[in-house]
1. Say whether the condition of being closer than 20 Å to Met304 by Cα and free of Cβ contacts under 8 Å to residues at least 40 places away in the same chain is met by at least one residue in the range 374-386.
2. If you take the residues in the range 288-324 that are of a type in the set (A, V, I, L, M) and either assigned to a helix (DSSP H, G or I) or under 30 Å from Asp357 (Cβ atoms) (or both), which one is farthest from the chain's Cα centre (by Cα)?
3. Could we say that Thr186 is surrounded by fewer than 16 Cβ atoms within 10 Å (Cβ to Cβ) and among the hydroxyl-bearing types (Ser, Thr, Tyr) here?
4. For the range 368-423, what are the residues that are under 26 Å from Ala228 (Cα atoms) and of a type in the set (Gly, Ala, Ser)?
5. Are any of the residues in the range 363-377 within 30 Å of Asn68 (Cβ to Cβ), part of a helix (DSSP H, G or I), in contact with a helix residue (DSSP H, G or I) (Cβ under 9 Å, 6 or more places away or on another chain) and not acidic (Asp, Glu)?
6. Taking Tyr118 as meeting all but one of (1) in contact with a strand residue (DSSP E or B) (Cβ under 7 Å, 6 or more places away or on another chain); (2) farther than 28 Å from Gln232 by Cβ; (3) among the aromatic types (Phe, Trp, Tyr), write down the number of the exception.
7. Of all the residues that make up the range 274-297, how many are surrounded by 22 or more Cβ atoms within 10 Å (Cβ to Cβ) and farther than 18 Å from Arg259 by Cβ?
Amino acid sequence: MKRILVFALCASLLAAVCGVSMAEEQIVLRVSWWGSQGRHDRTLAVIDLFESKYPHIKIEPEFAGWDNYWERIAAQAAGRNLPDVFQQDMQYLSLYGNRGMLLDLGPYVESGAIDTTYISESELAGGMLNGKLLAINLGSNAMVGIYDPELFAQAGIEPPGPEWTWEDYIELGRTVVDRLGIHWSTQFPGNFFHAFHHVLRQNGYPFYAPDGTGLGWTDDKLLEDFFALELQLYKEGLFASPAVRDEISSVEQDLLVTRQAATAWAWSNQIVAMSLAADRPLDLITLPKAKDQVKEGLYIKPSMFFSVAESSPHKDAAVLFIDFFTNDIEANKILMAERGVPISAKVREALQPFLTDVQIKMFAYLDLVSQHSSPIDPPEPAGHPEVNRLLDDLQAMVLYEVITPAEAAKTFRQEATRILRSR
């Protein structure tokens, strides 16, 4: 009996000396994300801070660029080996959510494990699917034009205001090509999908039908004309060639960063990484409006999310990490809104004195967009990634003049409908 008592006493003293509760299980948590080198560095620093506060949890980071990231996630999902916590995008939420691979975070919000005291319901709405909260918004953002003020001045053009139109967009682009001999942009805002989605919204159409089994518009002339317009602008030199586009795999290689284009069209949170890569002042403009638009094409969206894999053996620890990432002030002083404007009002207020000029621009842009936007569409259906690849393939075929814009529009409807109905 004495030996047992002595052993117990020694064990308790050892725990006290080491500062570790004997009841705390040592956990290894896999956390995965995509992004630029700047995002990797910031996230790793936050992980160090988290591990110092929760020494019983060890984080194994996994990160990559956008394309490689989703290829790896797909392989991990197929092998039932998803990371405990992984960065999620709106276009993939249905794909993984409808297959039961994502943990419902609603009960953790209700219990307070994820503190939403300073978070509005609208900031959480983007992560909802079929009545379940499957992802936590890591920051709000919107589509944006990032431009080089020095190049605009050299071309003798003024930055456009939020009322500018697609006609203005083309005219300014031609001016840049004529006067500077560089591209206006790499391609349409965002990529072909986001740009055409913007136009559809301006015409009052969603990209997808509400049930996700078809497209949300019926007039193929809309897509045909947009294919034709891109071909025309590429031939005029406003846009880069498909071959050049294919070589760009990082923010650091963007044509705006390398001074081969006057603008880049991305998401507002990317101004941080792009300014860092360019190492010179950049500024922000809205996407153009349509002359006779029936509603605003712009919308505010979650920049990205964190989801927890339903298969995770450490769900509580995964939720703890997400809560820390979302609400911890010191962590957010490291992150500094690189993933978008923080969803916690308390965090936003705490960051104000520390914002750089670039981050002040990003916060101000979101305020501006709120006056020139309409509500976001529902998450894309599970077939969206395949539909998006189809659109990219047809875009390349049009630019290489393998098929006509009319043929591309017709083929897209046929194949996209097939894809969506097969899900």
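1. First, pick out the residues of the range 374-386 that are closer than 20 Å to Met304 by Cα: 374-386.
This time we only want the ones that are free of Cβ contacts under 8 Å to residues at least 40 places away in the same chain, so: 386.
Within the range 374-386 (the criterion being closer than 20 Å to Met304 by Cα and free of Cβ contacts under 8 Å to residues at least 40 places away in the same chain), the answer is yes, since at least one residue qualifies.
2. Checked the range 288-324; the qualifying residue farthest from the chain's Cα centre (by Cα) is Ala317.
3. Values: surrounded by fewer than 16 Cβ atoms within 10 Å (Cβ to Cβ): no; among the hydroxyl-bearing types (Ser, Thr, Tyr): yes.
Taking the combined requirement at face value, the residue does not satisfy it.
4. Gly383, Ala396, Ala406, Ala408, Ala409, Ala416
5. yes
6. Tyr118 satisfies every listed condition except (1).
7. Total satisfying the criteria: 4.
This table checks each residue for (1) touching a strand residue (DSSP E or B) at 6+ places or on another chain (Cβ under 9 Å); (2) free of Cβ contacts under 8 Å to residues at least 24 places away in the same chain; (3) part of a strand (DSSP E or B).
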position: Val28; (1), (2), (3): yes, no, yes
position: Val31; (1), (2), (3): yes, no, yes
position: Thr43; (1), (2), (3): yes, no, no
position: Ser52; (1), (2), (3): no, yes, no
position: Lys58; (1), (2), (3): yes, no, yes
position: Pro61; (1), (2), (3): yes, no, yes
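The values are calculated or read from the model by the stated rules, or taken from the named source; none is laboratory data. Treat the numbers as computed from the prediction; the structure is a model and nothing was measured. Methodologically, a virtual Cβ is constructed for each residue, glycine included, from the backbone with ideal geometry; neighbour enumeration extends over all protein chains shown.
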